[in-house]
Amino acid sequence: QAKLAGKHCYRFYSRAMDQAVGRRMQMESDLRGAWERGELSLDYQPIYQLADGHIVGAEALLRWKHPEHGMIPPSVFIDVAEQSGLIDLLGRAVIARACEDAARWVGADDDEEAPFIAVNVSARQLRSGDLPEVVAAALADSGLPPGRLHVELTETTILGDEIQAGALLARLRGTGVRVWLDDFGTGFSGLSHLRRVPVDGVKIDRSFVTDVLRDPDDLALTSAIIAMAHSLGITVVAEGVESEGQHDILRERGCDLAQGFWLARPMSAEAMRQLCRAGLRGYDAEPRLDTGSY
Ligand code: C2E
Ligand code: MG
Ligand code: MG
Ligand code: MG
């Protein structure tokens, strides 16, 4: 299309493209060593049990505070880390740090189970094949029991590679680590994946939750996912719960767990630790927590 518009225009587009490529390369070089320089950190977003409002876990979310450009969202830099291969080292560091942090989370009540930590794992990390070893090392170093580590994968991560991914995930689950399917419902063949890939739970994508009160189709799909998951004996988390109404209808429909800004924003490891110590109570007992800085 640029070519059709004439030579002048073509040059403009190619220069814009050079800039995009240049920016990407710059970001890649900035990202190299960013963990060691302390620019990257993990925030934790609590995950609540809908039946009683208790915190049962948290998701680790990577944050990059660039010295010049400020906060850069993972939706921008994870992709760069993935394509450049930096994700291998970064991913290890994330798993190790998340396990270390979570090992310090204990409830005020001894009978209460300590919360799990859910870590996002990208396609390349899974494909590198040594994920079970990386995970085993992180668990051994931190002393975190395997059952308290959850790994989140998206449908696209396992797409086209279901047999191999399935074998790897089975190995992981054999050690006691739980596996979750993230952004569930956005792929085209979510149901058939569940036949081939052994998982412990699914996270209903935010896009369904957003309109669950307004759009009957989204409510129907959400309810269907919950029913299907339960018939397979797996747990359901709703992500992106931003209002009380969404929360109430998800609870009413039997969704097991939920996370979202209405419940709690992502927060520092220390804030998460304190929240756990405060008694593992969630939104029913305490006013809304808003310790995030975003
Ligand atoms: P995700 O795994 O689906 O994570 C959930 C995202 O939804 C997070 O965005 C979280 O901050 C956001 N969120 C939670 N509650 C709400 C809500 O109520 N409303 C809205 N609008 N958003 C909400 P974040 O932190 O920007 O992360 C984006 C994605 O980046 C993640 O999606 C995940 O795919 C990826 N990511 C983050 N950290 C890591 C990591 O350590 N490793 C890898 N491989 N990917 C990561
Ligand atoms: Mg996730
Ligand atoms: Mg998600
Ligand atoms: Mg997502």
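The values are calculated or read from the model by the stated rules, or taken from the named source; none is laboratory data. No experiment lies behind these values; they were computed from the predicted model shown. Methodologically, a virtual Cβ is constructed for each residue, glycine included, from the backbone with ideal geometry; neighbour enumeration extends over all protein chains shown. Note: areas computed on protein heavy atoms with side chains; ligands, DNA, RNA excluded. Shrake-Rupley method; radii C 1.70, N 1.55, O 1.52, S 1.80 Å.
Which of the residues that make up the range 210-220 are in contact (Cβ under 8 Å) with a residue 24 or more places away in the chain and either part of a strand (DSSP E or B) or away from ligand 3 (no atom under 16 Å from the Cβ) (or both)? Correct list: Leu213, Leu219.
If you go through the range 156-192 and keep only what is touching a helix residue (DSSP H, G or I) at 6+ places or on another chain (Cβ under 6 Å) and away from ligand 4 (no atom under 16 Å from the Cβ), you end up with Glu162, Ala165, Gly166, Arg171, Leu172, Thr175, Gly176, Val177, Val179. Is there a residue in the range 109-132 that is in a helix (DSSP H, G or I), more than 24 Å from Asp205 (Cα to Cα) and open to solvent by 40 Å² or more (accessible area, probe 1.4 Å)? No. Only residues that are in contact with a helix residue (DSSP H, G or I) (Cβ under 8 Å, 6 or more places away or on another chain) and part of a helix (DSSP H, G or I) were counted in the range 230-266, giving 3.
The set of residues in the range 165-209 that are within 16 Å of ligand 3 (Cβ to nearest atom), of a type outside the set (Val, Ile, Thr) and part of a helix (DSSP H, G or I) comprises Gly190, His193, Arg206, Ser207, Phe208. May I ask you to verify whether Arg251 is at pLDDT below 95 and away from ligand 2 (no atom under 16 Å from the Cβ)? Judged against the criteria, Arg251 is not a match.
Once the range 62-90 is narrowed to residues that are within 16 Å of ligand 2 (Cβ to nearest atom) and part of a strand (DSSP E or B), the residue that is nearest to Val135 (Cα to Cα) is Leu62.
Here Ala137 fits the description: outside any loop (DSSP other than H, G, I, E, B), among the small types (Gly, Ala, Ser), in contact (Cβ under 8 Å) with a residue 12 or more places away in the chain and surrounded by fewer than 21 Cβ atoms within 10 Å (Cβ to Cβ).
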